[in-house]
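None of the figures in this text is laboratory data; all of them are computed from the coordinates on show. What you are looking at is a predicted structure, and each value in this text was computed from that prediction instead of being measured. So basically every Cβ, Gly included, is an ideal-geometry build from the backbone, and we count neighbours across all protein chains shown.
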Ligand SMILES: *Cc1c(COP(=O)(O)O)cnc(C)c1O
């Protein structure tokens, strides 16, 4: 494939944008080479600036569960834009989408809209701290909750006491209030709760992890966290920015029948526009300004274009819940097909899958937490990524990302993808 125009555009971008991108993973740093610049997309396909076509397994990192340029979303945005793009006043559509979201998701009474998943998680933690009058937060190594300071803390090996910042600019003061646990290990959480009695405001996690590749919760893990939270009066925050409206209408709360105290949303809820949200029962949400003392705000929060896109997306998912079975079936088909050809080619791998999230870890051992995800073979992943790209299949340019299956993918696309894996696998050795 020819990527000349993409490479030229990347050069130009680097002169005026740090690293040429507005979000680091787009730069292909983890896999090497220049990123492809996308010009347009429709349904399951991306078209780059050099005219190459790709089957897309990123779907804007999750939001586009029904594929690109989904007509009802596009129409809703165009119609809204004609009437003005922002007023900074309340608008009716904010209530309409809030009512719909509250009706789809179990265990929430009120929802507040923000502009990104980062904002949603950051605000949810502030609310939890305000509500409980406690300061510490437990997060899990390898879970991503956006780029706000409290969350940019990662485990050094074996460190389960104090986190250390993994970005300069995050202060030690902030880092010391973030406690790190190990995903799928209730013992690690219990140890932190015992060592920090009456100090922990909340536990936040991706209830199906997707930011260290896809890692589903082990049987009993979420139930165990719920029990520990109840025992220690700690709020349980489900960061469903990735899983919300993707794994089920009501997200993982519905899928696994576990109640979270606060739920964060992003991605799908905005239909491809910049939207995040957080939600909880009345008692907690009424603690937010202007009813309560915890401050949170946004000039463009609840923006009409964003709400129109989100409403069109959620309405579609609410109307056609068979979509969830359809994308889970497609994901399973892909799993079985990829597994078969990798086995035939003797490529060591572990595939994790839940619903419409799937990832191929180049590792022989089970991948259940950050450490086991990090032990997978990254050199193999790099070759795999570039091979797939050459074969017209666009997966995330990092081994620590899940593939997002959209319902726009046809079985023909899936078969083509499996054949591409076969061709690439032959060259991996
Ligand atoms: C993407 C993501 C975020 C951050 O959302 P942004 O909109 O990128 O700020 C937070 N949590 C999870 C689980 C995510 O996948």
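Entry note, the chain: the mean residue ellipticity at 222 nm calculated from DSSP H runs of n ≥ 4, each adding -39500 (n - 2.57), is -11500 deg cm²/dmol after division by the residues and rounding to the nearest 500. By DSSP, the beta bridges lying fully in the stretch 164-269 are antiparallel in about 10 percent of cases.
Along the Cα-to-Cβ line of residue 22, 7 Å from the Cα, sits a label point; which residues in the stretch 113-144 have backbone N less than 16 Å from it? Flagged as within label range: 115-119. Subtracting the Cα-Cα distance of residue 47 and residue 199 from 0.36 nm times their residue separation leaves 49.6 nm of extension gain. So, in Å, what gap is there between the alpha-carbon centers of the stretch 248-300 and the stretch 49-67? The stretch 248-300 and the stretch 49-67 have Cα centres spaced 27 Å from each other. Between the stretch 348-364 and the stretch 210-231, the alpha-carbon centres lie 18 Å apart. Pairs of Cα atoms nearer than 8 Å and 6+ residues apart set the relative contact order; for the stretch 75-218 it is 22 percent. Taking other Cβ atoms within 10 Å as a rough exposure proxy, 145, 386 sort from fewest to most as 386, 145.
Inverting the mean 1/r over all pairs of different Cα atoms, compute the Kirkwood radius of the stretch 72-319 and quote it in Å. It is 18.3 Å. Among 225-234, 339-348, 272-281, sorting by the average number of other beta carbon atoms lying within 10 angstrom of each residue, highest first, gives 272-281, 225-234, 339-348. Classify the stretch 248-296 as rounded, prolate or oblate, taking a ≥ b ≥ c as the square roots of the eigenvalues of its Cα gyration tensor: rounded when a/c is under 1.5, otherwise prolate if a/b is larger than b/c and oblate if not. Judged from the Cα gyration tensor, the stretch 248-296 comes out oblate (a/c at least 1.5, b/c at or above a/b). Normalising the average separation of contacting C-alpha pairs (under 8 angstrom, six or more residues apart) by the number of residues puts the relative contact order of the stretch 72-319 at 29 percent. If a/c stays under 1.5 just call it rounded; otherwise compare a/b with b/c (prolate if a/b is bigger, oblate if not). Do that for the stretch 326-367, with a ≥ b ≥ c from the square roots of the Cα gyration tensor eigenvalues. Oblate, because a/c is 1.5 or more while a/b does not exceed b/c. A crude spin-label estimate for the pair residue 96 and residue 348, with each label 7 Å from Cα along the Cβ direction, gives 5.5 nm.
Applying 0.36 nm per residue to the separation of residue 429 and residue 166 and subtracting their alpha-carbon distance, the gain on full extension is 91.3 nm. Note: the stretch 319-429, Cα convex hull, 98 Å³ per residue. Rounded, prolate or oblate: which fits the chain, taking a ≥ b ≥ c as square roots of the Cα gyration tensor eigenvalues, rounded meaning a/c under 1.5, else prolate when a/b beats b/c? The shape class here is oblate.
The distance separating the Cα centre of the stretch 305-325 from that of the stretch 369-413 comes to 26 Å. For the chain, the relative contact order is 21 percent, taking Cα pairs closer than 8 Å that sit 6 or more residues apart in sequence and dividing their mean separation by the residue count.
Residue order for 61, 403, fewest other beta carbons within 10 angstrom first, comes to 61, 403. Legend: ranking of residues 1, 307 from fewest to most surrounding C-beta atoms inside 10 Å; resulting order 1, 307.
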